[in-house]
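S.K.: Sharing a structure below in structure tokens format, with a few things to ask.
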């Protein structure tokens, strides 16, 4: 009898199946109400007294082995069934996938780049942590120049010698300086990027924002070339064909101007954003100051050029009618999901 139990224990250990029906039949065979274990336990009383201890232990081992075998096989079959259900049927309807979208600032930046790429402007980039020379001095803003107060600067390291100052760039004009230092005219480039100014955060201003600045340097470049380029941009970007240039001041351009487009007065929103005038300021521009060219080792007697710059957030707010600049930086999914359908 003990030998029979040991034989059954070997069969239990060797049993394998890939079918729930076979596992259930195995369970009934050994653990059912009329199974082998039930009959063997009934035979316990007929076993010789000196063999009962070994026989009882063998029966318990057989029962435990049969229960563990059934449990492990059922678990393996359930896992296999689950994997098949998830990955096996490739024709099943898919779960909806939450698609992301480009940020509106990225959308507008790429749009601006595409417009200027079509007329030969290349993209140049530079570091966000700058030195005083590239951010100020080379751009006709020497130490103690009053125009430095126009830009509230985040200084990383301030020293007695301004040449050793490091700071977060206040405009992407520093990229243009680096480009002029390393490239000979003709130069036609735009410099998109993030800039920083120590300003109070409100619905209309932020301490972090993005700019795109353009630079064109060649022989016989005139203000008329600048105006034609800006007119092309406003037509492509806004569909507006009427612009005006108002005299202004920037240290690195002379003469300088602010660029307005005629937005119109067709809706209540037009009246609100243009303050009832129909005109809307979009950027600053001007002819590159000869001092800036000389600072970058470009002969100002041979070459001339123009530069322009605009805030990407401002353009995005106009295109998408966004009332508050802070919405760009709050990562509110409800706001960002509105741009899913925009390429």
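The values are calculated or read from the model by the stated rules, or taken from the named source; none is laboratory data. The shown structure was predicted, so the numbers you read here are calculated from the model rather than taken from an experiment. Every residue, glycine among them, receives a Cβ derived from its backbone with ideal geometry; neighbour counts consider all protein chains shown.
S.K.: Over 30 Å from residue 136 (Cβ atoms), surrounded by fewer than 17 Cβ atoms within 10 Å (Cβ to Cβ), touching a residue at least 40 places away in the same chain (Cβ under 8 Å) and assigned by TED's automatic domain parsing to the domain that holds residue 109: is that true of residue 236 in this structure?
M.R.: Yes; evaluated as a whole, the condition is true for this residue.
S.K.: If I filter segment 151-166 down to residues being out of contact with any strand residue (DSSP E or B) (no Cβ under 9 Å at 6 or more places or on another chain) and touching a residue at least 40 places away in the same chain (Cβ under 8 Å), which single residue comes out as surrounded by the most Cβ atoms within 10 Å (Cβ to Cβ)?
M.R.: 151
S.K.: List the pairs whose first member sits in segment 268-280 and is within 14 Å of residue 243 (Cβ to Cβ), whose second member is surrounded by fewer than 16 Cβ atoms within 10 Å (Cβ to Cβ), and whose Cβ atoms are under 6 Å apart, counting only residues at least 6 apart or on separate chains?
M.R.: The qualifying pairs are 278/264; 278/265.
S.K.: Among the listed residues 178, 188, which satisfies the condition of being in contact (Cβ under 8 Å) with a residue 40 or more places away in the chain and closer than 14 Å to residue 295 by Cα?
M.R.: It is 178.
S.K.: Among the numbered criteria (1) more than 24 Å from residue 314 (Cβ to Cβ); (2) over 31 Å from the mean Cα position of the chain (by Cα), which single criterion is violated by residue 148?
M.R.: The number of the failed condition is (1).
S.K.: Name the single residue that is farthest from residue 181 (Cα to Cα) among those in segment 287-334 being exposed (fewer than 14 other Cβ atoms within 10 Å of the Cβ) and either in contact with a strand residue (DSSP E or B) (Cβ under 6 Å, 6 or more places away or on another chain) or free of Cβ contacts under 8 Å to residues at least 60 places away in the same chain (or both).
M.R.: Restricting to residues being exposed (fewer than 14 other Cβ atoms within 10 Å of the Cβ) and either in contact with a strand residue (DSSP E or B) (Cβ under 6 Å, 6 or more places away or on another chain) or free of Cβ contacts under 8 Å to residues at least 60 places away in the same chain (or both), the top hit is 334.
S.K.: Evaluate the following for residue 117: is it surrounded by fewer than 14 Cβ atoms within 10 Å (Cβ to Cβ) and at pLDDT 95 or above?
M.R.: For residue 117, the condition - surrounded by fewer than 14 Cβ atoms within 10 Å (Cβ to Cβ) and at pLDDT 95 or above - is met.
S.K.: Is it the case that residue 57 is modelled with pLDDT of 75 or more and in a helix (DSSP H, G or I)? Even if it seems obvious, please write down each step before you answer.
M.R.: On the way: modelled with pLDDT of 75 or more: yes; in a helix (DSSP H, G or I): yes.
When the stated conditions are applied, residue 57 passes them.
S.K.: Looking at segment 219-229, which of its residues are surrounded by 18 or more Cβ atoms within 10 Å (Cβ to Cβ) and more than 22 Å from residue 139 (Cα to Cα)?
M.R.: 229
S.K.: Within segment 168-206, which residues are surrounded by 15 or more Cβ atoms within 10 Å (Cβ to Cβ) and part of a loop (DSSP other than H, G, I, E, B)?
M.R.: 169, 170, 171, 172, 183, 185, 197, 206, listed by residue number.
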